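The values are calculated or read from the model by the stated rules, or taken from the named source; none is laboratory data. Fair warning: this is a prediction, and the values are worked out from it, not measured in the lab. In this analysis, Cβ positions are derived from the backbone assuming ideal geometry, glycine residues included, and neighbour counts consider all displayed protein chains. All accessible areas refer to the heavy atoms of the entire protein, side chains included, with ligands and DNA or RNA removed. Shrake-Rupley method; radii C 1.70, N 1.55, O 1.52, S 1.80 Å.
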Amino acid sequence: MKKYLFLLFLIFSFDLFAQTYSIPEPKRPKEIDVEKAKAAAEKDETSETESEFKNTIKYGLPSEINELLDDLLKNEDPRFTNEIYDLFQVSKNPQIKEKVLRYFTKLEDPCLENYAVEILIDPYDTKNEIVKAVFQYVSKVKTVEAIEPVVELIKSENEDYFNDAISTIGEIGSEKEAVFLVEFLDRDDLSDAQRQTLMRTCGKMHAIETWDKIVEILENEDENSFVRSYAAEAIGLMKKEESVPILVEHFASTDPNLRQYVIKGLINFPDIVEAKATLLQGIRDEHWKVRQESIRAVKELKLQEAVPYLTYRVEKESEKVIQNESYSAIAALNSSEGNEFLINQITNKKVSDAKKQKVVEVLLKEGFAGEKEILELAKEVVEDDRRKSLRYAIGKELAKNPKDSYQEICLMYLNSKDSTTQNLGLDMYKNKKFAAAEPKMQEIAKDKKANSTVKSRIKKMLNIEDEPEEKK
């Protein structure tokens with residue numbers, strides 16, 4: 001009798017516990033995205049591929065299914081959502097469970113919300129890899145029913161779940177949860193790493209209700225350096241103008257990490273003179289991380305007044321990463337002064353080929369200026385084997401987004417005796433199908449001395465069949 005009563009107590013306790021939370025109703029996957037399905041189908045090797053995939057999902061070994069799921073994830077292939085959903089319901093394989101969760105996370109499909117919430121209510125007997133995938137899933141599909149169990153996991157301070165739970169609340173929580181996180185920071189038993197994670201998440205939530213408390217943390221010099229830094233970013237993300245003088249004041253800090261995050265905060269105030277002035281001064285900061293953050297900020301905010309600072313950095317900078325960031329920002333800002341400077345970098349004989357490579361890359365990416373000079377430079381290096389590195393770099397960039405104006409260069413690359421150069425010419429041809437290039441391609445395809453890989457590519461592109469004597 002006692003045993004029977006104890007069992008009833010356990011059942012009653014479980015029901016009471018389960019009723020504390022709201023679990024979403026089970027549902028089937030969303031309607032398949034027709035355009036994505038069409039794009040995925042175009043990558044099929046044969047007309048039988050789709051049915052083969054379905055059979056693998058239904059009857060395949062776990063290793064075969066996992067390999068297929070990897071490919072479907074990579075290609076964002078949504079054609080098999082119903083089959084994969086049904087597989088999830090019957091599979092006991094943890095790796096399959098995890099990959100199916102990641103698959104529906106990628107598709108942002110809420111069909112597994114009921115499973116995910118149930119796992120978060122009681123994750124302790126589930127493999128950590130699956131629980132981690134569940135956190136990422138509810139974050140992506142914005143499962144509001146997950147908020148309460150995730151908050152409970154934060155309160156439990158279980159190290160296996162703490163960081164993922166905090167990050168998840170940052171994605172799905174509201175002002176209420178942001179206030180909870182800030183108040184949670186007052187606990188004395190938190191590690192520095194936990195406090196840092198909490199503060200970064202508070203910033204993501206943009207909760208103005210927490211502004212006073214976060215300013216207090218920023219101004220506390222006894223606080224952990226990174227917690228203060230993330231606090232600087234957080235008050236900026238709230239976009240309250242009262243944050244600007246506070247952030248500018250802390251730009252005088254001796255801590256470069258804090259100065260870097262002050263810049264991250266100030267980027268949210270593009271129309272305030274004091275904020276813009278500090279961003280410009282950040283380009284001159286002694287620490288390279290602060291310079292980098294400031295350069296990215298002026299690029300994002302389209303501050304053309306930054307161009308003289310940036311051109312100076314290109315000429316004087318010892319850190320290559322800052323030099324490259326400066327080139328990228330100058331090209332994106334599209335000022336007459338900046339464009340003239342970059343074009344001069346291409347045409348100036350004293351500028352190294354390594355720098356020219358970066359300038360070609362940023363100018364072609366932005367597409368505002370320099371095309372004529374880049375094509376002239378390509379002609380200059382296409383037959384100069386001493387400058388192969390620059391030749392390859394230019395060819396690679398031209399092939400990314402070929403234009404009709406690249407036809408002559410495409411032909412020049414195909415005329416090279418170097419197979420890598422020829423392959424870059426084929427890359428340019430692939431997307432534009434330059435008619436003038438085809439006679440030369442035909443010639444290479446018939447040349448017995450030509451590189452076999454180049455010949456094979458040409459035959460596929462032009463649908464050329466092997467001569468009878470070439471067939472095995």
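Descriptive notes on the structure:
- A simple spin-label model places pseudo-atoms 7 Å from Cα toward Cβ; at LYS372 and LYS349 they are separated by 2.2 nm.
- Here's the picture: a label point sits 7 Å out from the Cα of LYS142 along the beta-carbon direction, and within segment 179-204 nothing has its amide nitrogen under 13 Å of it.
- In the chain, taking the dipole from charged Cβ atoms about the Cα centre, the farthest positive-side position among VAL134, ILE217, ILE409 is held by ILE409.
- Kirkwood hydrodynamic radius over Cα pairs of segment 237-347, then Stokes diffusion coefficient at 25 °C and 0.890 mPa s, in µm²/s: 175
- Radius, Kirkwood style, for segment 152-240 when every pair of distinct Cα atoms is counted (Å): 12.7
- Dimensions (Å) - segment 361-472, Cα atoms, principal axes, largest first: 50, 28, 18
- Additional length obtainable on full extension of the chain from THR453 to THR49, 0.36 nm per residue less Cα span: 142.8 nm
- Restricted to Cα atoms, segment 284-366 shows a radius of gyration and a Dmax of 11.7, 33 angstrom.
- One decimal place: the segment LYS92-GLU305 gains 70.6 nm when fully extended, by the rule 0.36 nm per residue minus the C-alpha distance.
- Calculated FRET efficiency for the pair ASP188/ASP271, C-beta based, R₀ 41 Å, to 0.05: 0.50
- CD proxy at 222 nm, helix term only [per DSSP H run n ≥ 4: -39500 (n - 2.57); per residue of the chain; nearest 500]: -21000 deg cm²/dmol
- Solvent-accessible ranking of SER63, SER167, SER328, SER336, largest area first, probe 1.4 Å: SER336, SER63, SER167, SER328
- The relative contact order of segment 329-472, computed from alpha carbon pairs under 8 Å that lie at least 6 residues apart in sequence, is 15 percent.
- Measuring how big the chain is from its alpha-carbon positions, Rg and Dmax come out at 29.3, 96 Å.
- Sites ASN66 and GLU337 - FRET efficiency at Förster radius 60 Å, r taken between beta-carbons, to 0.05: 0.65
- Simple rule: put +1 on each Lys or Arg Cβ and -1 on each Asp or Glu Cβ in the chain, find the dipole, and look at LEU280, PRO110, LEU237; the Cα lying farthest toward the positive end is LEU280.
- Nitroxide proxy distance, nm - points 7 Å out along Cα→Cβ at TYR59 and SER156: 4.2
- Protein-only accessible surface order, largest first, of HIS206, HIS287, HIS250 at 1.4 Å: HIS206, HIS287, HIS250
- Gyration tensor over alpha-carbon atoms, segment 305-349, equivalent ellipsoid semi-axes in Å: 15, 13, 9
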